[in-house]
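What follows draws every value from the coordinates through simple rules; no lab data is involved. Being a predicted model, the structure only gives us computed values, none of them experimental. So basically every Cβ, Gly included, is an ideal-geometry build from the backbone, and we count neighbours across all protein chains shown.
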Amino acid sequence: MTTPDFRPTHVVPQQGMPAWSAPDPARPTVPLDPLLPVRLLERRGDWGHVLCANGWDAWVDGRYLVAVPQDPPASDGPPTTAADPRPLLAQAQEALARYRAAVEELAGGALDGESFRRRTQGLRIGVVVDGEAMWLYDPAQGCWVYGDGTRLSTYAADHAPDAGSGRGHAPTRVVTSDGGS
């Protein structure tokens, strides 16, 4: 039986996996079933402490857990689209060049750790490319956008929607099991 409000972060791989009662290979326990939903509680090196859907916990080789995608935050407005990904790609390229230059100076001894920290403070970039699919972090908007090579669409925001907008509820909204939104 699943515990109430259990939200998995990972699942066990298709072949199942061995488990231990502590992060110690000398203390094996019952192996975990294939595709069992688990929540990763803690990491110690390669070890992962997981909570299973039934409330049981164990230690596993955390490298083999399969991450469960999380839904993006709810939005009270329609998805936005940027017609051209090139400006955001150029911003990411410039930010990466600034970071790389700072790393080179740090490695070469021209910067100390504190100067490196100051020089890179506030710098945020994110780029994932998988074939034609691309995810870019837009620091000006505080969100991830998805691109297919020709246009970008908002994918996930790094902040909750503004609840104080006074516009009332959107036509649909996320409702939790306790009835709240």
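Multiplying the sequence separation of GLU42 and VAL128 by 0.36 nm and subtracting their Cα-Cα distance, what value in nm do you get? It would help to have the intermediate numbers written out before the result.
Details: separation 86, 0.36 × 86 = 30.96 nm, distance 2.55 nm.
Difference between extended and current length: 28.4 nm.
Tell me which residues come under 5 Å, amide H to amide H, from ASP57 once H is placed; ignore anything under 5 positions away on its chain.
Those qualifying (amide H under 5 Å, at least 5 residues apart or on another chain) are CYS52.
Give me, ordered by chain and number, the residues 5 or more places off LEU36 or on other chains with an amide H under 5 Å from its own placed amide H.
VAL12
If you take the charge dipole of the range 95-137 about its Cα centre, with +1 on Lys and Arg Cβ and -1 on Asp and Glu Cβ, which of GLY108, LEU96, THR120 is farthest toward its positive end?
THR120
With a sphere of radius 13 Å drawn around the Cβ of ALA22, what net charge do the other residues whose Cβ falls strictly inside it have (Lys, Arg +1; Asp, Glu -1)?
Numbers: positive: ARG27, ARG44; negative: ASP24, GLU42, ASP57.
Within the 13 Å Cβ shell, the charges total -1.
Could you give me the ³J(HN,Hα) list for the range 36-45, computed from phi with Karplus coefficients 6.51, -1.76, 1.60 and θ = phi - 60°, whole Hz, x at Gly and Pro?
Result, ordered by residue: 5, x, 9, 10, 6, 8, 7, 10, 9, x Hz.
Please report the net charge: other residues with Cβ closer than 13 Å to the Cβ of GLY147, K and R +1, D and E -1.
Details: positive: ARG86, ARG151; negative: ASP84, ASP130, GLU132, ASP138, ASP148.
Local net charge: -3.
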